[in-house]
Amino acid sequence: MVVPRYGDAALSDVLPSVLAALGLPGERDVLALAPLEVACVLLVDGLGWDLLRAHRTEAPFLNGLADDADREGGTGRGRITAGFPTTTTTSLTSLGVGAPAGEHGMTGYQMIDPETGHVLNALQWDLQRGPHPHEWQPMATTLERAESAGVAVTTIAPAEFAGTGLTEAALRGGNYLGLAADDEYGPIVRTVLDGGGRGPALAYLYHGTLDRTGHTVGVASQQWRDELRRVDRLAAEIAAALPAGAALLVTADHGMVDIDRSQLVDVADQPALQVGVRALAGEGRCRYVHATRGADRDVLSIWRDELEDGFCVLSRAETIDAGLLGPVVTPAAAARIGDVVVLARGAGAVFDRRVDAARVRNLVGQHGSLTPAETYIPLLQYRADSWAGSRADPRVG
């Protein structure tokens, strides 16, 4: 298992480092980025480091940037870690807030609300039912901090995500430019960054089709490789459209592994795993098990005995003490993970067909655990005024 490198080389360090490079006082550039005037941060959902490096032919531009990072050995580029768990809701919040889940409290795809006992699905946030995103995640985001400091901030992402619970919790602040499915990113980025006028500017871009393809047909599929080719062309297109003095940083929220269905565990078929269990949250490869009052030790022991092979079973205290949620863990964040935390080591997952939809149980590619394939992600940098000598010239091909 990989322990996230918070405060050193983690996804939560990216935007604070960018803000510091843009000249904002009080922000820490732990990634040692050179000073910037204009920054464009592209997050490609599901683009794990191991997957990228295993597909040089499909992604020549991005792998060229990775080669540059390896050759130069700079801390500001190359391989970094996602946070825990390795899932989109947590990672986007860690990126947006600039802190690990132990501080911002978005501890997973599904979380128990301790006040109501309801399970909150952060990707299907019911704003009428609550909780309010600003109450669930009250920390100021990096986009808000940048905007307050006079940076022209724009989020460029699918229109359907504007105003959702996750967006409001993780990435509120600045202007939101909603894209249609067939919009071209390059010209839009150029217009946004050129239109910022004098002064620093920051554009955050989200691209999600690689992740959706991996979930549907797996990362070993031809469809996934074809989608990676499109992502590579997209990144090169954005790089070529950058105005002078601008930089593109490409990162991800997590990697992905294809599931071996012979390694799936269905709680509905295992009565022992139901004893003392009040609710399940999290997701298949990072399952939060909430025990009935006073049953947490028994549940921990049973799950360890039953899932000895293929899974790492931790108590809440062990999870926190291992630093998986970061150096600071608020009481709210601690309450939102399980009394027992179950991490997949291999290609398995834990589901319960009584509560988990078939669509979720049948996903081919999954993530959430801390294996290298899920945890290591890229942080690649391209500067518009320094392409000469790089193996990643966006004008080629």
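The values are calculated or read from the model by the stated rules, or taken from the named source; none is laboratory data. None of these values were measured; they are calculated from a predicted model. Neighbour counts run over all protein chains shown; Cβ positions are idealised from the backbone, glycine included.
Within the group 211, 194, which residue is closer than 26 Å to residue 94 by Cα, of a type in the set (D, E, K, R) and touching a residue at least 12 places away in the same chain (Cβ under 8 Å)?
Values: 194 fails: closer than 26 Å to residue 94 by Cα.
From the options 211, 194, the qualifying one is 211.
One residue alone among 6, 109 is buried (at least 19 other Cβ atoms within 10 Å of the Cβ) and not assigned by TED's automatic domain parsing to the domain that holds residue 218, and that residue is 6. For beta carbons closer than 9 Å, sequence separation of 6+ or different chains, a first residue in region 144-164 that is buried (at least 20 other Cβ atoms within 10 Å of the Cβ) and a second that is among the basic types (Lys, Arg), the qualifying pairs are 151/145.
Restricting attention to region 197-208, the residues that are in contact (Cβ under 8 Å) with a residue 12 or more places away in the chain and over 26 Å from residue 57 (Cα atoms) total 7. Of the residues making up region 287-301, those that are touching a residue at least 24 places away in the same chain (Cβ under 8 Å) and closer than 19 Å to residue 115 by Cβ are 288, 290, 291. Being surrounded by 15 or more Cβ atoms within 10 Å (Cβ to Cβ), in a helix (DSSP H, G or I) and touching a strand residue (DSSP E or B) at 6+ places or on another chain (Cβ under 6 Å) is not true of residue 314.
Annotation note: Cβ proximity below 7 Å between a residue of region 106-129 that is closer than 18 Å to residue 86 by Cα and touching a residue at least 12 places away in the same chain (Cβ under 8 Å) and a residue that is part of a strand (DSSP E or B) and among the basic types (Lys, Arg) (sequence gap 6+ or interchain) occurs for no pair.
Would you check which residues across region 350-366 are charged (D, E, K, R), over 21 Å from the mean Cα position of the chain (by Cα) and buried (at least 16 other Cβ atoms within 10 Å of the Cβ) and list them? Within region 350-366, 352, 356 qualify.
One line per residue, one yes/no per condition, for (1) in a loop (DSSP other than H, G, I, E, B); (2) touching a helix residue (DSSP H, G or I) at 6+ places or on another chain (Cβ under 8 Å); (3) more than 28 Å from residue 312 (Cα to Cα):
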position	(1), (2), (3)
3	yes, no, no
6	yes, yes, no
15	no, yes, yes
26	yes, no, yes
51	no, yes, no
55	yes, yes, yes
64	no, no, yes
71	no, no, yes
80	no, yes, no
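Take region 112-143 and flag every residue that is of a type in the set (Phe, Trp, Tyr) and surrounded by fewer than 15 Cβ atoms within 10 Å (Cβ to Cβ). Spell out how you get there, then give the answer.
As a first pass, look at region 112-143 and keep what is of a type in the set (Phe, Trp, Tyr): 125, 136.
Scanning region 112-143 gives no hits.
Could you tell me whether any residue of region 184-203 is at pLDDT 95 or above, assigned by TED's automatic domain parsing to the domain that holds residue 99 and part of a helix (DSSP H, G or I)? No, every residue in region 184-203 fails to be at pLDDT 95 or above, assigned by TED's automatic domain parsing to the domain that holds residue 99 and part of a helix (DSSP H, G or I).
Is there a residue being at pLDDT 95 or above, basic (Lys, Arg), out of contact with any helix residue (DSSP H, G or I) (no Cβ under 6 Å at 6 or more places or on another chain) and within 22 Å of residue 376 (Cα to Cα) anywhere in region 280-287? Break it down into steps so the answer makes sense when it comes.
Narrowing region 280-287 to residues at pLDDT 95 or above: 280-287.
Of the ones still in play, those that are also basic (Lys, Arg) are 285, 287.
From the residues that got through so far, the ones that are out of contact with any helix residue (DSSP H, G or I) (no Cβ under 6 Å at 6 or more places or on another chain) too are 285, 287.
Checking the rest, the ones that are also within 22 Å of residue 376 (Cα to Cα) come to 285, 287.
Yes, the conditions are met somewhere in region 280-287.
Would you confirm, using the coordinates I've provided, whether residue 328 is in contact (Cβ under 8 Å) with a residue 40 or more places away in the chain, at negative phi, surrounded by fewer than 17 Cβ atoms within 10 Å (Cβ to Cβ) and not assigned by TED's automatic domain parsing to the domain that holds residue 32?
So residue 328 passes the test.
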